[in-house]
Amino acid sequence: MGWRVRAIRGATTVSENSVSAIREAVHELLDELELHNQLDMDEIVSITFSVTRDLDAVFPAAIARERPHWKNVPLLDVQQMHVEGSLERCIRFLIHFNTPNSDIEIYHPYLRQARHLRPDWTLAQAALSSK
């Protein structure tokens with residue numbers, strides 16, 4: 001079978017709109033991503049980070065670029081559409097990557113209060129990480 005584009009979703013929340021709080025949350029989210037997924041940084045097509053309108057202290061992509069091997073990954077920051085009553089202070093990502101393995105297990109990290117966004121995936125991820 002040939003190469004295929006796959007996607008990984010993930011999200012987290014931050015305690016406050018500050019550079020340090022956003023940096024901590026982004027690194028925690030990306031640590032979890034890297035720990036549970038077999039990602040080759042050269043196979044990533046692009047990553048889009050979205051933030052809720054109450055987060056504007058720093059770009060998550062700028063924080064991601066601080067990490068080893070992330071400097072050449074195409075990154076984009078956007079503002080998440082506001083829906084009244086939705087989760088506040090939330091950072092999400094969508095990663096598209098190429099893989100020759102169409103059966104690869106994907107871990108979608110949903111951390112902190114963002115666990116409630118996809119409870120179905122959160123339970124499945126707990127089972128995957130306990131293997």
| Count of residues meeting criterion [more than 22 Å from VAL19 (Cα to Cα) and crowded, with 17+ Cβ neighbours inside 10 Å] in segment 73-114 | 5
| said: Looking at segment 79-107, I want the residues that are more than 23 Å from LEU30 (Cβ to Cβ) and have a partner that is in a loop (DSSP other than H, G, I, E, B) and at pLDDT 90 or above with Cβ atoms under 6 Å, at least 6 apart or on another chain. Which pairs are those? | reply: HIS82/ARG53
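Looking at ARG53, is it more than 16 Å from HIS108 (Cα to Cα), more than 10 Å from the chain's Cα centre (by Cα) and surrounded by fewer than 17 Cβ atoms within 10 Å (Cβ to Cβ)?
Details: more than 16 Å from HIS108 (Cα to Cα): yes; more than 10 Å from the chain's Cα centre (by Cα): yes; surrounded by fewer than 17 Cβ atoms within 10 Å (Cβ to Cβ): yes.
When the stated conditions are applied, ARG53 passes them.
Name the single residue, out of those in segment 11-43 being of a type outside the set (A, V, I, L, M, F, W, C) and touching a strand residue (DSSP E or B) at 6+ places or on another chain (Cβ under 7 Å), that is nearest to GLU66 (Cα to Cα).
Narrowing segment 11-43 to residues of a type outside the set (A, V, I, L, M, F, W, C): 12-13, 15-18, 20, 23-24, 27-28, 31-32, 34, 36-38, 40, 42-43.
Restricting the remaining residues to those that are touching a strand residue (DSSP E or B) at 6+ places or on another chain (Cβ under 7 Å) gives 12-13, 28, 37, 43.
Details: THR12: 19, THR13: 20, GLU28: 13, ASN37: 20, GLU43: 19 Å.
The selected residue is GLU28.
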| task | Working only within segment 65-106, note down all residues that are within 14 Å of THR12 (Cα to Cα) and not basic (Lys, Arg). | result | GLN80, SER86, LEU87, GLU88, CYS90, ILE91, PHE93, LEU94
| remark: Selection from segment 64-117 of residues more than 16 Å from SER46 (Cα to Cα) and among the polar types (S, T, N, Q) yields GLN79, GLN80, SER86, ASN101, SER102, GLN113
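The values are calculated or read from the model by the stated rules, or taken from the named source; none is laboratory data. What you see is a predicted model, and the numbers here were worked out from it, not measured in a lab. Backbone-built Cβ (ideal geometry, glycine too); neighbour counts: all protein chains shown.
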